[in-house]
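**Q** Can you keep this structure in mind? I'll have questions shortly.
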Amino acid sequence: MTTYGLIGYPLGHSFSRKFFTEKFEKEGIDAQYLNFEIPSIEEFPKIIESHPDLRGLNVTIPYKQQVMQYLDDISPEAKAIGAVNVVKVSPQLSTVNSKLSTLNSKPTLTGYNSDVIGFVNSIRPLLKPHHQKALILGTGGASKAIHYGLTEKLGLETLFVSRTAREGMITYDDIDASVLKEYEVIVNCSPVGMYPHVDECPALPYEVMNEHHLLYDLVYNPLETLFMKKGAAQGATVKNGLEMLHLQAIASWEFWGNQEKL
Ligand SMILES: NC(=O)c1ccc[n+]([C@@H]2O[C@H](COP(=O)([O-])OP(=O)(O)OC[C@H]3O[C@@H](n4cnc5c(N)ncnc54)[C@H](OP(=O)(O)O)[C@@H]3O)[C@@H](O)[C@H]2O)c1
């Protein structure tokens, strides 16, 4: 049976498996979606070898960078971002004679980044002409795709905010009214506020925010984070990461060579 799957560690409750299993059932697609919880990326080649029906993988924490060494090709976008969260597995047909084609045991592996597509397509409808500069909270894996999307796809200027003072970045203590007057888009790429820590939010002077601000949280559990609540109370536009999650899954499906039914 055509197989897709997710690699990461630990996987626990996986959005992707539920999303694709429901999609296959609803649309009568004869395929399965498996979770591959691997403690080391060195197990990646074994998964490919032992699942000849595998046609695509999603990649999550902590392997979005480590998986790149095993791929035959990486899209220019994923290369620029420095992270792959989708792998297309293409079996190679080798012609034995003019009539007979056999499947070569080593498929071609191509890496893509669908996080950037999910983010860009979900934030774009909310952007107004005055949204020229964005703060990116957190400097982990997800922040790279967000930075790429904001600068290369949406034409905004960005500034990273980290807990640690580093060149070219600011810290939370540096954010005052003048910074928030200049940076009217704020994207939370940190896990702060995620379940079960729902009473926490990034350390910002929320009281100086207003209706010009757009607060986008990559977190989607809870659906309304404290970051969003505090921004909304000041009149800001707010959005959680759920649509991004759905859109990146649909983009994965298309990267694997399938057409999304509209
Ligand atoms: N909606 C979606 O589709 C989607 C996709 C990808 C990720 N996400 C979510 O986005 C978030 C970030 O993902 P990630 O993979 O980038 O995570 P990550 O690498 O673990 O962390 C992101 C960054 O957040 C900052 N941070 C971590 N703990 C913090 C704390 N206690 N207080 C303040 N800052 C803290 C750190 O930056 P500094 O050390 O520089 O402060 C860290 O590098 C997660 O909640 C993830 O679930 C959502």
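**Q** With the condition kept exactly as written, say whether any residue in the range 202-217 is within 25 Å of Ser75 (Cβ to Cβ), in a loop (DSSP other than H, G, I, E, B) and under 17 Å from the mean Cα position of the chain (by Cα).
**A** no
**Q** Residues in the range 86-129 that are surrounded by fewer than 21 Cβ atoms within 10 Å (Cβ to Cβ) and either aromatic (Phe, Trp, Tyr) or at pLDDT below 95 (or both): how many?
**A** 16
**Q** Something else: Spot the failing condition for Met169; the list is (1) within 19 Å of the chain's Cα centre (by Cα); (2) within 16 Å of the ligand (Cβ to nearest atom), and only one is missed.
**A** Every listed condition holds for Met169 apart from (1).
**Q** Turning to a different aspect of this structure: Looking at the range 148-177, which of the residues that are in contact (Cβ under 8 Å) with a residue 40 or more places away in the chain and in a helix (DSSP H, G or I) is surrounded by the fewest Cβ atoms within 10 Å (Cβ to Cβ)?
**A** Out of the qualifying residues, it is Glu152.
**Q** Quick one: which residue in Val238, Val192, Val187, Val198 is in a strand (DSSP E or B), within 13 Å of the ligand (Cβ to nearest atom) and either more than 13 Å from the chain's Cα centre (by Cα) or under 30 Å from Gly28 (Cβ atoms) (or both)?
**A** Val187
**Q** Quick check: anything in the range 225-245 surrounded by fewer than 19 Cβ atoms within 10 Å (Cβ to Cβ), assigned by TED's automatic domain parsing to the domain that holds Lys128 and at positive phi?
**A** Yes - at least one qualifying residue is present in the range 225-245.
**Q** Hey, another quick one. Buried (at least 16 other Cβ atoms within 10 Å of the Cβ) and among the basic types (Lys, Arg) - does that describe any residue in the range 50-64?
**A** yes
**Q** Condition test on Ala203, is it at pLDDT 95 or above, among the small types (Gly, Ala, Ser) and out of contact with any strand residue (DSSP E or B) (no Cβ under 8 Å at 6 or more places or on another chain)?
**A** The answer is yes for Ala203.
The values are calculated or read from the model by the stated rules, or taken from the named source; none is laboratory data. Keep in mind it's a predicted model, so treat the numbers as computed, not measured. Here Cβ is always computed from backbone atoms with ideal geometry, including for glycine, and neighbour counts include all displayed protein chains.
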